[in-house]
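Undergrad: Before anything else, here's the structure in question.
The values are calculated or read from the model by the stated rules, or taken from the named source; none is laboratory data. All of these numbers come straight from a predicted model, not from anything done at the bench. When we count neighbours, we look across all protein chains shown, and the Cβ atoms used for this are built from the backbone with ideal geometry, even at glycine. The area values use the complete protein model at the heavy-atom level, side chains included, leaving out ligands, DNA and RNA. Shrake-Rupley method; radii C 1.70, N 1.55, O 1.52, S 1.80 Å.
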Amino acid sequence: MLLSQLDYDQFFIKYTLKLAARAMGRTSPNPMVGAVVVKDGQIRGEGYHQKAGTPHAEIHALRQAGEAARGATLYVTLEPCSHYGRTPPCSQAVIQAGIKRVVAAMVDPNPEVSGRGLQQLANAGIEVVSGVMEEEARQLNEVFIKYITTRLPFVVLKSAMTLDGKTATRTGHAFWVTGAEAREEVHRLRDRYDAIMVGIGTVLADDPQLTTRLSNGQQGKDPIRVVVDSSLRLPITARVINPFSSAPTIVATTPQAPRERRRMLEERGVEVLVVDSEGNRVNLNNLMALLGSREITSVLLEGGATLNASALEAGVVDKLITFIAPKIIGGKEAPGMVGGLGQARMDDAYLLDRIKVAHFGEDLMLSGYIRKDKDVI
């Protein structure tokens, strides 16, 4: 059976998406991008963007292809950039290499690019195609898309609970809700996102390290640790203040917090970030804006019921990942995933769409995106 041009394009774009994903968690604040140079049905050069400030995927692929790039097709997950950022524009390199055709999975959502790169290529006489496997490309770079269009981090609320919705027993015992496979996946999530956030209640109850610990000798990346603590109750002996990790610890607090406590924490190397308060609590919308201004593009929220409720009410959560263990704890005093007053009517419940379910050992992982418009079905 003869393959169509679209079949070929999808095949090679799928390959570039796999290349791009190799840098998962390493390119912030840039997107993950993969590229291949194809000529006469063969890959002549390939590459992916490895880290902000280093050459883009197209440059790696073109350098590897060399003279074979002339008259070839360039497949890329994202429109080649057309502006000077940390590196020169890729669109000019593509033109100079003599590429004949460019297939991009999606247009760059960056307002500084947004179609200009593809237009430059078209103006140079290069055949341009975009939108091939666009949905997959957008999902791969969901963090970048949110950040570059809003300057706010993409927020994932992660929780683990029993079948009856409990995150701990009535005594507060929570080790472990889920099995080893699910906990390993959590560490892979930590490796992927820029920052991890908890409330002071979680620190006082569990004294977590909030570091990435991967199995089989894999080298993980510790996320920036953010503790929401309106009164600065964080003990200076807390394990989240970890001198053996290169990742900084930030404590987000309010202007009302005691100055002496602030001084003590700063002496231990903690950055105390004073955020405008909402009542006696940290305003989470203001906090996200401050984190975004520091090029923190993503936050993994591993909070308890109180912080989870506040984040949902503030509308800062984009995605939810919940691990569900086949256990039943019971007890009306046992905490659940989300606290607060809660909704009065079922009509007001937070809705998820694009739901996926996966198995990790005996546990289920349910993921989905918070539906921003509850009236849309």
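Undergrad: If I histogram all Cα-Cα distances within segment 17-162 using bins 10 Å wide from 0, what percent of pairs lands in each bin?
TA: It works out to 12, 44, 32, 8, 3, 1, in whole percents.
Undergrad: Tell me, Kirkwood radius of segment 1-64 from alpha-carbon pair distances, in Å?
TA: 12.2 Å
Undergrad: Sort 189-200, 142-153 for me by packing, meaning the mean count of neighbouring Cβ atoms within 10 Å per residue, highest on top.
TA: Descending mean neighbour count gives 189-200, 142-153.
Undergrad: How big is segment 218-377 along each principal axis, measuring the range of its Cα positions in Å and listing the largest first?
TA: Answer, in whole Å and largest first: 49, 42, 37 Å.
Undergrad: Under a 5 Å amide H to amide H cut-off, with H placed in plane at 1.01 Å, what residues pair with ALA168 once short-range neighbours are removed?
TA: HN-HN under 5 Å from ALA168: empty list.
Undergrad: Please report the projected area of the chain's Cα convex hull averaged over all directions, in nm².
TA: Its average projected convex-hull area is 22.1 nm².
Undergrad: Could you work out the helix-only [θ] at 222 nm for the chain, with each DSSP H run of four or more residues adding -39,500 (n - 2.57) and the total divided by the number of residues, to the nearest 500 deg cm²/dmol?
TA: Calculated at 222 nm, the ellipticity per residue is -8000 deg cm²/dmol.
Undergrad: At a 1.4 Å probe radius, carbon and sulfur cover how many percent of the accessible area of segment 302-341?
TA: 57 percent
Undergrad: Shifting gears a bit: Only bridges whose two residues both fall in segment 210-305 count here: according to DSSP, what percent of them are antiparallel, nearest 5?
TA: Here the share of antiparallel DSSP bridges comes out near 20 percent.
Undergrad: Sticking with this structure for a sec: Mean shadow of segment 231-280, computed from the convex hull of its alpha carbons, in nm²?
TA: In nm², the orientation-averaged hull projection of segment 231-280 is 3.4.
Undergrad: First select every other residue whose beta carbon is under 14 angstrom from the beta carbon of GLU184; then total the charges, Lys and Arg +1, Asp and Glu -1.
TA: +1
Undergrad: Peptides 13-23, 220-230: what's the order by average Cβ count within 10 Å, highest mean first?
TA: For the peptides 13-23, 220-230, the packing ranking is 220-230, 13-23.
Undergrad: Can you tell me the accessible area per residue over the chain, all protein chains present, probe 1.4 angstrom, in square angstrom?
TA: With the other protein chains kept in place, the chain gives 50 Å² per residue.
Undergrad: Keeping the other protein chains in place, figure out the carbon and sulfur percent of the accessible area of segment 1-159, with a 1.4 Å probe.
TA: 50 percent
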